[in-house]
Structures are given as structure tokens and as C-alpha cells.
Amino acid sequence: MDYEFIKSRLAPCGLHCGKCFAFSEGDISQLSKELRCSFGNFDIYAERFVNIMSEPLFLKYPDFKEMLEFFSKGKCKGCRKEKCAIFKNCKVKECSENKTVDFCFECSDFPCENTGFDENLQKRWKEINTKMKENGVESYYNEIKDKPRY
């Protein structure tokens with residue numbers, strides 16, 4: 001697989017931008033657009049189904065539609081092109097650029113505490129980079145490329 005494509009999907013921290021809800025070219029954004037389109041003018045039917053089917057769950061359709069709309073409008077181009085849209089305190093992109101490494105595990109200071117991540121993400125970051133260091137970036141990507149990020 002093309003290393004440059006993999007880099008366009010994996011952030012320097014190793015998280016899979018391609019599976020992030022904020023990523024404009026990702027699965028969540030694209031599938032949400034398709035699903036939104038497939039529902040068409042379902043609002044009217046949702047109201048009717050509350051009575052026809054005696055199903056109060058359809059009262060929640062406006063909330064579902066709002067979330068679907070949100071997910072379909074992913075705007076992020078990926079961590080290699082802009083600052084992370086989700087983790088505002090992330091320091092990894094800037095650090096990787098300063099140290100001229102593609103991924104954190106390539107840095108002589110890995111593992112470090114200079115990520116800006118909370119304790120949970122710090123742990124995940126370390127596991128991801130350790131796996132990439134041991135097995136290679138392409139192997140890691142092939143292992144996770146079809147799995148959900150969340």
C-alpha cells in the first residue's frame with residue numbers, strides 16, 4: 001500500500017483520521033451524507049409513525065436528524081494538513097514537524113509527555129506507536145483500516 005496514502009489517513013500520533021467523525025473524506029462523513037440523502041423527507045413520516053405504529057421512538061427523529069447532519073459535515077482535512085479538530089490541546093503535529101518525523105515512535109524522545117493528551121489518550125497513543133514501531137506502519141494500518149475508531 002502507498003505510504004503517502006497511509007500518512008494521509010494516520011495522524012503523526014497514529015490515530016486514524018480517516019475514521020474520525022470530523023474528517024471530511026472519512027467514512028463517517030461520507031456514510032452520513034448517504035444516509036441523510038436516503039431518508040429524504042422522512043420528517044413527515046416520523047411524525048405519522050408515532051401514531052400509525054404506536055412507536056414513540058419516532059419522536060426522537062429530529063434529534064437523530066440533527067446528529068446525522070452534524071456528522072455529514074465533517075470539515076477537517078486531517079492532522080497532517082491542519083490542527084486537530086477534536087483534540088485542541090494536541091502538541092503532536094507541531095512536535096513531529098519540528099523533529100521531522102512522520103510518527104511519534106520515530107522520535108528519539110518517544111515515549112514522552114509532550115503530547116497534550118489526557119491520560120486515556122496518552123495511553124492509547126503509546127500503545128499505537130509501540131505497535132507501529134514493532135510491526136511497521138503499513139502492517140498497523142492494514143490491521144486497523146477497516147475497524148471503527150471509536
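Each reported figure results from applying straightforward, stated rules to the coordinates on display, with no laboratory input. Quantities reported herein were computed from a predicted structural model and do not represent experimental measurements. Using ideal geometry, Cβ is built from the backbone for each residue, glycine included, and neighbour counts are taken over all protein chains shown.
Take residue 45, project a point 7 Å from its Cα along the Cβ direction, then tell me which residues of the range 8-37 have their backbone nitrogen under 20 Å from it. What the label zone holds, given the 20 Å backbone N cut-off, is 31-37. Comparing Cα centroids, the range 1-68 and the range 84-124 end up 28 angstrom apart. Close amide H pairs (under 5 Å, H built 1.01 Å from N) link residue 10 with 17, residues at least 5 positions away or on another chain.
In this calculation the C-beta distance from residue 77 to residue 102 is compared with R0 = 25 Å, giving a FRET efficiency of 0.90. Per the Kirkwood treatment, what hydrodynamic radius in Å, one decimal, follows for the range 25-73 from the mean inverse distance over all distinct Cα pairs? It is 11.3 Å. Dimensions of the chain from C-alpha coordinates, computed as largest minus smallest value along each principal axis and given longest first, are 64, 32, 24 Å.
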